[in-house]
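Beneath this line is the structure, given in structure tokens, with notes to follow.
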Amino acid sequence: MHIPELLKTLGGQDVNTVEEWETFRRGEILDLYQNYVYGTRDIERPEDLHFVLKSESEAYGMRVKELDAAFGDYSFPFRVYYPMGKGKKYPAFVYVMHENLENHFKVLDDGNMYTEELVSSLPLKDITDRGFAIAVMPTRDIYREWTTHSNFEVGVFTAYKDPKPRQKNSWATISAWAWGVSRIVDYFETDDEIDMTHIASTGHSRSGKTALWAGATDTRIQLVAPNNSGCGGAAIFRGKKGEHIKNISVTDWFCDKFRDYSEREEFLPVDQHMVLSLVAPRYLYVTDSILDEWADPDAELLACKLASPAYELYGLHGLVMDDEAPVLNKVYQNGHIAFHVKEGDHSQLKFDWDNLMDYFEDIIEGNI
């Protein structure tokens, strides 16, 4: 099994320095992902982007703002939850909430959210109690789920003037949602309660793929935390168990060019250690579940190991593991790439959130 070499350019040159990485190889990898996997966007930050505060309230010991990100005739909503105290700058998460989660989450008596059907949690109150703000971004108004068969004729794809005819490398759903994450980071820059030096993106499953691509493309995001993101997320394509390109290509998450590799993954000019490497020298935390063979924690672990040389160029540790194989429920957080595999199946639970917040606090305090 041949996996593309991270530190060798398309022209065959070895990359040995940060300058060579930042001048040549990183941009080369980014271009490959835009053209072969996630697609090339027609827009980034619109000139007339602005934010509309619709309401402010208090609930469950949190402050909540309901906002719209808007340009032209288009807008999408998001919510920001803050601790009760004012006069501080809070480190902040952006949480990507795809429609299936949005449709099933219920608010518990303590202000946290949980879905029994999807066995996942969004512990808003726990997060704000620990001194973080968190923006929740529903994906629905950016672009609908693939099962609605919207054919890129709704949401942000039709919101700008003179949209280009779609090409095989045109941006698709994951890239559109990641575009939304960056617009929320734009909002954070206008909010004097947000600490812009400490921003994290996270999400579960396809939202984890989104959080990863957002972090790969937006260097303002300090910590990138894809949970159970699997195929097209943090898992190596070649040789993985469970889901493959041929399975995931029934969706519209990736550009049309990606489908050409459905039965020929070995010909794809990238593999997912390379998208992880785009986060360097910032922080990455890949989390998974032992029974989630569809995502394949072994393939995600391999990607983390293969991405580590990008961090080593900066004199940093990537993944640091003192075990030959990951121990169930043990966290590996001593490097700029953190990793854990928890018990259970496809989910994002309190265990994931508690350890993610621990890691974020260590970053903020300068311990890593």
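Per-residue answers, yes or no, for (1) over 19 Å from PHE258 (Cα atoms); (2) open to solvent by 30 Å² or more (accessible area, probe 1.4 Å); (3) not hydroxyl-bearing (Ser, Thr, Tyr):
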residue: ASP126; (1), (2), (3): yes, yes, yes
residue: ILE134; (1), (2), (3): yes, no, yes
residue: TRP146; (1), (2), (3): no, yes, yes
residue: ASP191; (1), (2), (3): yes, no, yes
### Message
As an exercise: evaluate VAL15 against (1) under 22 Å from ARG220 (Cβ atoms); (2) touching a Leu at 6+ places or on another chain (Cβ under 6 Å) and give the number of the one condition it does not meet.
### Response
(1)
### Query
Can we say TYR114 is free of Cβ contacts under 8 Å to residues at least 12 places away in the same chain and either at positive phi or open to solvent by 10 Å² or more (accessible area, probe 1.4 Å) (or both)?
yes
### Task
Answer yes or no as to whether HIS98 is open to solvent by less than 10 Å² (accessible area, probe 1.4 Å) and closer than 28 Å to LEU291 by Cβ.
yes
### Query
Does LEU122 satisfy the criteria of being under 29 Å from GLU343 (Cα atoms), at pLDDT 95 or above and open to solvent by less than 40 Å² (accessible area, probe 1.4 Å)?
yes
### Query
If only one of ILE174, ILE199, ILE142, ILE184 is within 21 Å of ARG26 (Cβ to Cβ) and not in a strand (DSSP E or B), which one is it?
ILE174
### Query
Quick one: would you say SER175 is open to solvent by less than 70 Å² (accessible area, probe 1.4 Å) and in contact with a Lys or Arg (Cβ under 9 Å, 6 or more places away or on another chain)?
yes
## Note on the structure
Result of the Cβ filter at 6 Å on the range 158-177, keeping first residues that are in contact (Cβ under 8 Å) with a residue 40 or more places away in the chain and partners that are surrounded by fewer than 14 Cβ atoms within 10 Å (Cβ to Cβ), at least 6 apart or interchain, is none
### Any helices (runs of 4 or more DSSP H) falling wholly within the range 234-288 and containing at least 1 residues that are of a type in the set (S, T, N, Q) and buried (at least 23 other Cβ atoms within 10 Å of the Cβ)
273-277
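The values are calculated or read from the model by the stated rules, or taken from the named source; none is laboratory data. Everything numeric here is computed off the predicted structure, so don't read it as measured data. All Cβ positions, glycine included, derive from the backbone under ideal geometry; neighbour counts span all protein chains shown. Calculation scope for accessible area: heavy atoms of the full protein, side chains included, ligands and nucleic acids excluded. Shrake-Rupley method; radii C 1.70, N 1.55, O 1.52, S 1.80 Å.
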